[in-house]
Amino acid sequence: MTAAAAQGEPAPDEAIFVVRDLSVSFPIHAGLINFGPPRLLRAVQEASIKVRRGTCCAIVGESGSGKTTLARTLAGLVRPSAGQVLFDGLSVGELDNRAVRRMRRRVQMVMQDPRAALDPRQRVGEVLREALVVHRISRDRADQQRRIEAVIQQVGLSVVHLDRYANQLSGGQRQRVAIARAIIVEPQALILDEPVSALDVSIQAQIVNLLIELQEQFHLTYVLITHDLSLVGHIADDVAVMYLGRLVEQGLASEVIGEPAHPYTASLLSAVPGEDPEAEKAREVSLLEGNIPSPLALPGGCAFHTRCPHARQLARGLGRDRVVTVDGNDVPRICAEVAPPEQHFGAAGGHRANCHFPLRPAS
Ligand SMILES: Nc1ncnc2c1ncn2[C@@H]1O[C@H](COP(=O)(O)OP(=O)(O)OP(=O)(O)O)[C@@H](O)[C@H]1O
Ligand code: SF4
Ligand SMILES: [Mg+2]
């Protein structure tokens, strides 16, 4: 039995976020003077995912794949163009003002760059007090002070930091303040958008350990956006892999990382440096080749077919009638022309990926 279950907490499999067929598009105008209709940039396409309460769900993918847009939609900051986001059973796009306020408190975001996230003219104590006031948690000055002093210590700083301005703090200290500002309002979920990637490598592990401690202490749900797959192995229960706005693979982190089914996930994993420098030198790294295509001109079929090393290899064993040439490389025709169906892997069934030729047998 998990600690949460022992304390009468909801079962960990209960979903706090349910995302169904979510699409988010942004209208793009060609220039200052534009008479035609705007083009649509499809940042998220038909994404479905559940985030289990009290767990950490990582979202990974290259720059521009739609991770932040998906996360901002979960936090109610971006409206779905189609599909639905449920938070605690309520449809985020259909909440009245009061429910929106309640949700904004329950789902807090921590951004990548703590320098941009904190006002340099505010003292740390004021930053934290403002969060209490904005979310209508406490009006009583003494109670506010008690909460502020408790939270600053929970994030590993001390009361002396309350009088400092953000620009008098180091990067790691600023990110601790940003985390304190999020947890002081007693949220249920934190959306962590690249929370350590702007920090020195030496500081990153400290912040990751702090996040792990806080999650346990307050039974928080995390949605963690990261480029760093080694971080996923360390902190995440579940992982979802995004490519050009689509969730191409998802499941338990141990399964997806241990035995990926989608060639894109495998390519991302092969780009993760190992810990042993000697083994690294000997390793054949199949780093991702080519640029990610523009989301304004998405490739047909499987969107990864313009870069997929697995498709190129498979094409060598196929007759001419079953391949097409894309950017000078042969790939199976089906990859270039037909959207891949969702397939399921492993005994539990939660591991799924969209690929015509997955790297492991489907269940
Ligand atoms: N408000 C917006 N208006 C127009 N386009 C947007 C907007 N927000 C995001 N985009 C576009 O949507 C696509 C996905 O962006 P998003 O920021 O979600 O990706 P990401 O995976 O978080 O990337 P990164 O790793 O660089 O942060 C990109 O092409 C981006 O330019
Ligand atoms: S469907 Fe084809 S192109 Fe897409 S990931 Fe699978 S093998 Fe590669
Ligand atoms: Mg982003």
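The numbers here are math on the coordinates, done by the rules we state, and not lab data. What you see is a predicted model; the values in this text were computed from it and never measured. Glycine gets a Cβ as well: all are built from the backbone with ideal geometry, and neighbour counts include every protein chain shown.
A few comments on the model shown:
- Expected 222 nm ellipticity per residue - DSSP helices of 4 or more, -39500 (n - 2.57), all of the chain, to 500: -9500 deg cm²/dmol
- Residue ranges 188-196, 339-347 sort as 188-196, 339-347 when ordered by packing (mean number of other C-beta atoms within 10 Å per residue, highest first).
- Taking the range 175-259 and dividing mean pair separation by its residue count, relative contact order in percent (alpha carbons under 8 Å, at least six apart): 24
- The range 143-283 - convex hull of the alpha-carbon atoms, volume per residue in Å³: 139
- P(r) tail fraction, the range 60-104 - alpha-carbon pairs more than 14 Å apart, %: 48
- Across the range 21-103, the relative contact order, built from alpha-carbon pairs under 8 Å that are at least six residues apart, equals 30 percent.
- Computed over the range 58-144, the percent of Cα pairs more than 16 Å apart is 65.
- Contact order relative to length of the chain, as percent, for alpha carbon pairs under 8 angstrom and 6 or more apart: 17
- SER170, SER23 arranged by Cβ crowding within 10 Å, fewest neighbours leading: SER170, SER23
- Inverting the pair-averaged 1/r between distinct Cα atoms of the chain gives 22.2 Å as its Kirkwood hydrodynamic radius.
- Highest mean first, the peptides 48-54, 248-254 sorted by other C-beta atoms within 10 Å per residue fall in the order 248-254, 48-54.
- Taking every DSSP beta bridge that has both ends in the chain, the antiparallel portion is near 65%.
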